[in-house]
Amino acid sequence: MTRQEVESLFKRRMDAQNRHDVVGLSALYTDDCVLESPTAGTPVRGAAGIENVHRAWMTGFPDVVFTSKELLIDGDRVAQVMEAAGTDTGGFMGLAPTGKAFRTPIVIVCTLRDGKIQHERRIYDFTGLLIQIGVLKAKPG
């Protein structure tokens, strides 16, 4: 893929995320894709599984907004630094909604194939996110 094609793919990804279009997001991945995410716990394989991970975010945080901070491209490898911010009004991962807001940096590292994402690894402070929305309590230091 050319640099412009990669930038276009990640622009479409960001647009679909912010429209909460989980079907459109899933279409950006190869059929045999693998997603590693703290939300999933174990690697998820295939577009249907990836759709479920995206749906968990969009359902739990109906107002979530993703902001791209930086996109690093090296051939078929891409790293994107972004931020997610929203409010737990939908009940994240099936838990009762807390009504609390969060803001967290996220880094995704991807490998591309045939114009789509073949592998994605998400790196973010999952525990910190759960503390912000009130699901976990931090022990005072």
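The values are calculated or read from the model by the stated rules, or taken from the named source; none is laboratory data. In this text the structure is predicted, and so the values were computed from the model without any measurement. Here Cβ is always computed from backbone atoms with ideal geometry, including for glycine, and neighbour counts include all displayed protein chains.
Of all residues in the range 32-53, those satisfying the criterion of being assigned to a helix (DSSP H, G or I) and touching a helix residue (DSSP H, G or I) at 6+ places or on another chain (Cβ under 8 Å) are A47, A48, I50, E51. Restricting attention to the range 86-124, the residues that are outside any strand (DSSP E or B) and either under 18 Å from T39 (Cα atoms) or of a type outside the set (G, A, S) (or both) add up to 14. Taking each residue of the range 45-59 that is within 21 Å of L129 (Cβ to Cβ) and in contact (Cβ under 8 Å) with a residue 24 or more places away in the chain and looking for partners that are of a type in the set (A, V, I, L, M) and surrounded by fewer than 18 Cβ atoms within 10 Å (Cβ to Cβ) with beta-carbon atoms closer than 8 Å, six or more apart or interchain, yields E51/V23; A56/M93. A count restricted to the range 66-81 and to residues that are free of Cβ contacts under 8 Å to residues at least 40 places away in the same chain, over 15 Å from the mean Cα position of the chain (by Cα) and under 14 Å from E120 (Cβ atoms) stands at 1.
Screening E70, E83 for residues that are assigned to a strand (DSSP E or B) and in contact with a Pro (Cβ under 6 Å, 6 or more places away or on another chain) leaves exactly one candidate, E83.
Each residue in the range 1-31 was checked for being modelled with pLDDT of 95 or more and part of a strand (DSSP E or B), and 2 pass. In the range 5-55, which residue that is among the aliphatic types (A, V, I, L, M), over 17 Å from F66 (Cβ atoms) and surrounded by 17 or more Cβ atoms within 10 Å (Cβ to Cβ) is farthest from the chain's Cα centre (by Cα)? Out of the qualifying residues, it is V6. Evaluated against (1) within 13 Å of the chain's Cα centre (by Cα); (2) more than 18 Å from F10 (Cβ to Cβ), T87 falls short on exactly one condition, (1).
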